[in-house]
Amino acid sequence: MCSRPLIEQQITFLYTNDLTTSARFYEEKLGWELWLDQGSCRIYGVCGSAYLGLCQTSGTSAPPSEGKSGVIFTLVTQQVDEWYEYLKKLGVEFEKPPTYNEKYKIYHCFLRDPNGYLIEIQRFD
């Protein structure tokens, strides 16, 4: 059996019609630092070697319609309540406040970014 090659980093790319507004949300609300600016794509460090890329839409790509993209961008932290309070103070609206999910044994909340992508902040219990 072959050993699996090493994965050194992970980047999730999300598309946006308004790169400036999206960048402002991730920089000012979530406090992420820009790791690489490629002009039409901006890549942010999330933690360790995990990254989020925001890309301006083109004729070949499109952001989610009406917030139903099938994508959930999940941030795992022990401080779900702290993130909830922090973001609420910054005016971020939540779709679901922190609650315990018995089925999956997680404590989590949901919000959407300016493009309608669903963001989950969760803790595994």
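The values are calculated or read from the model by the stated rules, or taken from the named source; none is laboratory data. None of the values given here were measured: they were computed from a predicted structure. We place every Cβ from the backbone using ideal geometry, glycine too, and count neighbours over all the protein chains shown.
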The strands (runs of 3 or more DSSP E) lying entirely within region 19-62 that contain at least 1 residues which are closer than 21 Å to TYR84 by Cβ are 41-47, 50-56
For region 91-106, pairs from a residue that is in the same structural domain as LEU118 (by TED's automatic domain parsing) and more than 10 Å from GLN122 (Cα to Cα) to a residue that is surrounded by 12 or more Cβ atoms within 10 Å (Cβ to Cβ) and not acidic (Asp, Glu), with Cβ under 6 Å and 6 or more apart or across chains, are VAL92/LYS29; VAL92/LEU111; PHE94/CYS109; PHE94/LEU111; GLU95/PHE110; LYS96/CYS109; LYS96/PHE110; PRO97/CYS109
Filter region 37-59 for residues that are aliphatic (A, V, I, L, M) and within 11 Å of GLN9 (Cβ to Cβ) and give the result.
ILE43, VAL46, ALA50
Given (1) free of Cβ contacts under 8 Å to residues at least 12 places away in the same chain; (2) within 20 Å of LEU90 (Cα to Cα); (3) not in a helix (DSSP H, G or I), number of the condition ILE7 does not satisfy:
(2)
Which residues, taken from region 88-117, are touching a helix residue (DSSP H, G or I) at 6+ places or on another chain (Cβ under 8 Å) and closer than 23 Å to CYS55 by Cα?
VAL92, LEU111, ASP113, PRO114, ASN115
Among the residues listed as GLU93, GLU66, GLU33, GLU27, the single one being modelled with pLDDT under 95 and either charged (D, E, K, R) or surrounded by fewer than 17 Cβ atoms within 10 Å (Cβ to Cβ) (or both)
GLU66
Inspect all residues belonging to region 109-125 and state whether any of them is small (Gly, Ala, Ser), under 14 Å from TYR26 (Cβ atoms), at pLDDT 90 or above and surrounded by 14 or more Cβ atoms within 10 Å (Cβ to Cβ).
no
